[in-house]
1. With respect to PHE106, determine if the residue is buried (at least 21 other Cβ atoms within 10 Å of the Cβ), aromatic (Phe, Trp, Tyr), modelled with pLDDT of 95 or more and within 24 Å of ARG34 (Cβ to Cβ).
2. Could you pull out the residue among VAL66, VAL44, VAL32 that is within 20 Å of ILE115 (Cβ to Cβ), outside the structural domain of ASP118 (by TED's automatic domain parsing), at pLDDT 95 or above and not charged (D, E, K, R)?
3. Please state which of the following conditions ASN46 fails to meet, knowing it meets all the rest: (1) touching a residue at least 24 places away in the same chain (Cβ under 8 Å); (2) of a type in the set (S, T, N, Q); (3) closer than 30 Å to ILE170 by Cβ; (4) touching a strand residue (DSSP E or B) at 6+ places or on another chain (Cβ under 7 Å).
4. Just checking: which of the strands (runs of 3 or more DSSP E) contained wholly in region 121-171 hold 3 or more residues that are of a type outside the set (Phe, Trp, Tyr) and either in contact with a helix residue (DSSP H, G or I) (Cβ under 6 Å, 6 or more places away or on another chain) or at negative phi (or both)?
5. From the list GLY63, GLY49, which residue is surrounded by 13 or more Cβ atoms within 10 Å (Cβ to Cβ) and either within 15 Å of the chain's Cα centre (by Cα) or more than 28 Å from ASP160 (Cα to Cα) (or both)?
6. Using the structure shown, decide if PRO24 is surrounded by fewer than 13 Cβ atoms within 10 Å (Cβ to Cβ), at pLDDT below 90 and in a loop (DSSP other than H, G, I, E, B).
7. Hey, does region 137-157 have a residue that's of a type in the set (Ser, Thr, Tyr), touching a Lys or Arg at 6+ places or on another chain (Cβ under 7 Å) and within 23 Å of PRO61 (Cα to Cα)?
8. If you take the residues of region 1-12 that are more than 17 Å from CYS75 (Cα to Cα) and modelled with pLDDT of 90 or more, which of them is surrounded by the most Cβ atoms within 10 Å (Cβ to Cβ)?
Amino acid sequence: MRFEILPGLPPYGPMAVNFSVHGPREHREGLVVRFYPKNSEPWVGNFVGGMSACNAVLDYPGGDYVIVVAQGDACILDPERRIVLDRIAGDIKQVISVSSLGSVVFQRLTDFIAIRDDNSGWHSPRISWDGFRNIEVHEATLLGEAYTPNGNYWAPFQLDLLTGHCTDGIYEKEMSEAGLIARDADRPLN
């Protein structure tokens, strides 16, 4: 095991290394993780996250790094050097590991992001107006439903997990059907 999630900050031993998008002055308990690097002593990281309920720690696909998602704030961490290499996004709702494709998919409120074991990836177009449900992975396809306020319903969509191409994304479909509303120049906006 290269890491473990702890129930809280240890009351003894070396101070935890604090990781926060708000800077080093933010001192509150977040997602606490103990790392066991190959070439150095174990250490504890405190990841002060974002605003969602998504917490996860997993191996970076095909590499020596670790992905940490703390309350929706996702980053790629080098546990040997104790540094964040890259930030993925701050609003992750769900993490989906697709080991058969060597990738990790991150669900956000309206779209998806993926990283692959060859360090490539993609960012899908906006698919939903406001959220997803019934997400399932079948081989190289992600299936689900995207919300639309137009009629207050959930529309099915398909996402290609190799390219990020979306079929039937309700947001793009409805935006392409939207028309301009002409405004009378003599009337105020209010």
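1. On the way: buried (at least 21 other Cβ atoms within 10 Å of the Cβ): yes; aromatic (Phe, Trp, Tyr): yes; modelled with pLDDT of 95 or more: yes; within 24 Å of ARG34 (Cβ to Cβ): yes.
Here the answer is yes, as PHE106 does meet what is asked.
2. Answer to the selection: VAL66.
3. If we test ASN46 against (1) touching a residue at least 24 places away in the same chain (Cβ under 8 Å); (2) of a type in the set (S, T, N, Q); (3) closer than 30 Å to ILE170 by Cβ; (4) touching a strand residue (DSSP E or B) at 6+ places or on another chain (Cβ under 7 Å), just (3) comes out false.
4. 132-138, 141-148, 153-160
5. Result: GLY49 is the single residue among GLY63, GLY49 that is surrounded by 13 or more Cβ atoms within 10 Å (Cβ to Cβ) and either within 15 Å of the chain's Cα centre (by Cα) or more than 28 Å from ASP160 (Cα to Cα) (or both).
6. Numbers: surrounded by fewer than 13 Cβ atoms within 10 Å (Cβ to Cβ): yes; at pLDDT below 90: yes; in a loop (DSSP other than H, G, I, E, B): yes.
So PRO24 fits the description; yes.
7. Going residue by residue through region 137-157, those that are of a type in the set (Ser, Thr, Tyr) are 141, 147-148, 153.
This time we only want the ones that are touching a Lys or Arg at 6+ places or on another chain (Cβ under 7 Å), so: none.
No, there is no match, as no residue in region 137-157 is of a type in the set (Ser, Thr, Tyr), touching a Lys or Arg at 6+ places or on another chain (Cβ under 7 Å) and within 23 Å of PRO61 (Cα to Cα).
8. To start, the set of residues in region 1-12 that are more than 17 Å from CYS75 (Cα to Cα) comprises 1, 6-12.
If we keep only those that are modelled with pLDDT of 90 or more as well, we get 6-12.
Details: LEU6: 15, PRO7: 6, GLY8: 8, LEU9: 13, PRO10: 13, PRO11: 5, TYR12: 4.
Looking at residues that are more than 17 Å from CYS75 (Cα to Cα) and modelled with pLDDT of 90 or more, I get LEU6.
The values are calculated or read from the model by the stated rules, or taken from the named source; none is laboratory data. None of these values were measured; they are calculated from a predicted model. In this analysis, Cβ positions are derived from the backbone assuming ideal geometry, glycine residues included, and neighbour counts consider all displayed protein chains.
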